[in-house]
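Each remark here refers to the structure printed beneath this line.
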Amino acid sequence: MPSPAFLSPGRAATPMAFVREIVQAYAHRGMDPAEALRQAQITPQALQQPDGRVTAAQFEALNAHAMQELDDEALGWFSRRLPWGSYGMLCRASLGSPDLGVAIKRWCRHHRLLTDDITLDLQVRAGVATVSILEHRPLGDFREFCLVSSLRFLHGYASWAIDSRISLRSARFPFAPPPHRDAYPLMFGGELRFGAAHAGYSFDERYLALPLQRDERALRTMLKRALPLTVLQYRRDRLLGQRVRELLRTRAAEAGNADALAALLHMSSRTLHRQLHEEGLTLQALKDAVRHEQAVDQLRRSARPVKQVALAVGFRNEKSFARAFKGWTGFTPGEFRARAGMAEATEPEEGTETPETPTALP
């Protein structure tokens, strides 16, 4: 753990309400939180501020000290302690999985060995993966902190394991919006809903097929400072390019510019451009790729006039479309259609033999 003197001031975005939950865990054990607060540079006066916030670095220092001093990585949430190293065991048990889907299922299964106060569950339906938390006993004053942290632990580990930010489509919570609800978009992203039946979040099913990118050595390094995974957003998203392509194909009318597309992805246009850049992509290149794909398909499979094809794939006029299409393929739309038609005319009918195919011996 870094010395408090080297904590980065950063942006104070973590609600002081979560700090008070940790202080309450000390009170339940009859212990003094003064040293933990000193390590995190949180004064008694700041602790009492209803709308106070701390930086990610302060929260990391507080958590690391409290978890070890209380010997409880659950910080008082559950009916029994989770000794120091419990979540490291969960990480290690999932690390050898062939893909993220198996890793999350193992995490959920092994979490039951730590506590039966809550259970985590993964379900997949209609292309959407959903992680849910079921509560089996009242969590009392620790409820919000427990549910939020449990979801963040798994989300952070999963993103780290595949070396990719997992962009959430939605997140839901079984309580009323707290006074610090403005911190939730920073913690989860996507569409947020309060007053739900269960806590959980949903994301694109395709993340589950991604292979794990980390090994035991990387795990040991990560566990030295594991908490940043739960308080900092992992920036790279290996599926972002695919998700952008899908929206450009299926919701082109709603994704006409960067701002509209970013809104559909629940992020800012600046974040969209930055994350695509980190993937070695640009929005314009993705638009061109989708337009190219759609234009080729329409020219090959339909008899629509070139002007109508141009408008259908997002060009204002036939001239600009023809210029772009020649840049993509080396042919004008008319030349491409003629060549495609000739190729189809020379293809053998199903069931006939070509000269290169030897006749089967009797």
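The values are calculated or read from the model by the stated rules, or taken from the named source; none is laboratory data. Every value quoted in this text rests on a predicted model; they were computed, and no experiment measured them. Neighbour counts are summed over all protein chains in view; Cβ atoms, including those assigned to glycine, are modelled from backbone coordinates with ideal geometry.
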Does region 331-342 include one or more residues that are at pLDDT 85 or above, more than 24 Å from Ala262 (Cβ to Cβ) and under 36 Å from the mean Cα position of the chain (by Cα)?
-> no
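Take the residues in region 139-197 that are assigned to a helix (DSSP H, G or I) and of a type in the set (Ser, Thr, Tyr); name whichever of them is nearest to the chain's Cα centre (by Cα).
Among them, the one singled out is Ser159.
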Of the residues in region 324-335, how many are of a type in the set (S, T, N, Q) and part of a helix (DSSP H, G or I)?
-> 1
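Go over the candidates Gly140, Gly156 one by one and state the one that is on the phi > 0 side of the Ramachandran plot and modelled with pLDDT under 95. Working first, answer last.
Working: Gly156 fails: on the phi > 0 side of the Ramachandran plot.
Of Gly140, Gly156, the one residue that is on the phi > 0 side of the Ramachandran plot and modelled with pLDDT under 95 is Gly140.
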Name the pairs: first residue in region 275-292 and within 19 Å of Ser164 (Cβ to Cβ), second residue in a loop (DSSP other than H, G, I, E, B) and modelled with pLDDT of 85 or more, Cβ to Cβ under 7 Å, at least 6 apart or on different chains?
-> Leu276/Thr282
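For region 157-196: of the residues being closer than 22 Å to Tyr87 by Cα and in contact with a strand residue (DSSP E or B) (Cβ under 7 Å, 6 or more places away or on another chain), which is surrounded by the most Cβ atoms within 10 Å (Cβ to Cβ)?
Ile166
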Take the residues in region 127-138 that are in contact (Cβ under 8 Å) with a residue 24 or more places away in the chain and not in a strand (DSSP E or B), then tell me which one is surrounded by the most Cβ atoms within 10 Å (Cβ to Cβ).
-> Arg137
Can you spot a residue in region 283-303 that is surrounded by fewer than 15 Cβ atoms within 10 Å (Cβ to Cβ) and under 30 Å from Phe188 (Cα atoms)?
-> yes
Would you confirm whether any residue within region 197-206 is within 27 Å of Arg143 (Cβ to Cβ), exposed (fewer than 15 other Cβ atoms within 10 Å of the Cβ) and either out of contact with any strand residue (DSSP E or B) (no Cβ under 7 Å at 6 or more places or on another chain) or among the hydrophobic types (A, V, I, L, M, F, W, C) (or both)?
-> yes
Qualifying positions in region 64-114 - out of contact with any Lys or Arg (no Cβ under 9 Å at 6 or more places or on another chain) and on the phi > 0 side of the Ramachandran plot | Leu75, Gly85
Looking at Ala93, is it more than 21 Å from the chain's Cα centre (by Cα), aliphatic (A, V, I, L, M) and farther than 30 Å from Met31 by Cα?
-> yes
Candidates Phe315, Phe321 - the one that is part of a helix (DSSP H, G or I), among the aromatic types (Phe, Trp, Tyr) and surrounded by 19 or more Cβ atoms within 10 Å (Cβ to Cβ) | Phe321
Give the residues of region 17-51 that are of a type outside the set (Lys, Arg) and touching a residue at least 40 places away in the same chain (Cβ under 8 Å), sorted by residue number.
-> Ala17, Phe18, Val19, Glu21, Ile22, Gln24, Ala25, Tyr26, His28, Pro50, Asp51
Here are some residues: Asp121, Asp51, Asp99. Which one is closer than 28 Å to Gln24 by Cα and out of contact with any Gly (no Cβ under 7 Å at 6 or more places or on another chain)?
-> Asp51
